[in-house]
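One structure is given here, and the rest of the page talks about it.
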Amino acid sequence: MKKTTPSLCDSCPKPGICCKKFVIVHDKPPWAFTNVDNKFTVLKRLKQKKLPFIPIGKSKYRWVFSCPKLKYRRCSIYLNRPLLCKKYKAGTGSLCIKSKKFNLPIIESKI
């Protein structure tokens, strides 16, 4: 039997929190998703990029998203998840509760 190494997510006290409320940070339009973009424009860009995320509100500068593919606090499309998700490394950024940088975005206006 092949032995697997547990991931950081396996010991997370709040699994899935990283996928419930996040911003997509990108310097260049049209993928910056700034808060001046209307909801229709944001939804159109998400569809073009084949991202399953849904906009749930706005922070001071950016749209805030949630992923509907989160089931039972885990990714239900893990093997086929978007490249954006594949690039994210647990423990490295502000979305991970185990990171020293942990800081979820504050939603200033809900949609």
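The values are calculated or read from the model by the stated rules, or taken from the named source; none is laboratory data. Because the structure is predicted, anything quoted here is derived from the model rather than measured. Cβ placement follows ideal geometry from the backbone for every residue including glycine, while neighbour counts extend to all protein chains displayed.
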Of LYS71, LYS58, LYS98, the only residue that is closer than 16 Å to LYS14 by Cβ and surrounded by 13 or more Cβ atoms within 10 Å (Cβ to Cβ) is LYS98
Hits in the range 4-32 - residues which are hydrophobic (A, V, I, L, M, F, W, C), in a loop (DSSP other than H, G, I, E, B) and at pLDDT 75 or above:
CYS12, VAL23, ILE24
Would you point out the residue of the range 55-81, among those that are of a type outside the set (A, V, I, L, M, F, W, C) and touching a Lys or Arg at 6+ places or on another chain (Cβ under 7 Å), that is nearest to ILE97 (Cα to Cα)?
SER66
Given (1) part of a loop (DSSP other than H, G, I, E, B); (2) buried (at least 17 other Cβ atoms within 10 Å of the Cβ); (3) at pLDDT 90 or above, PHE65 misses just (1)
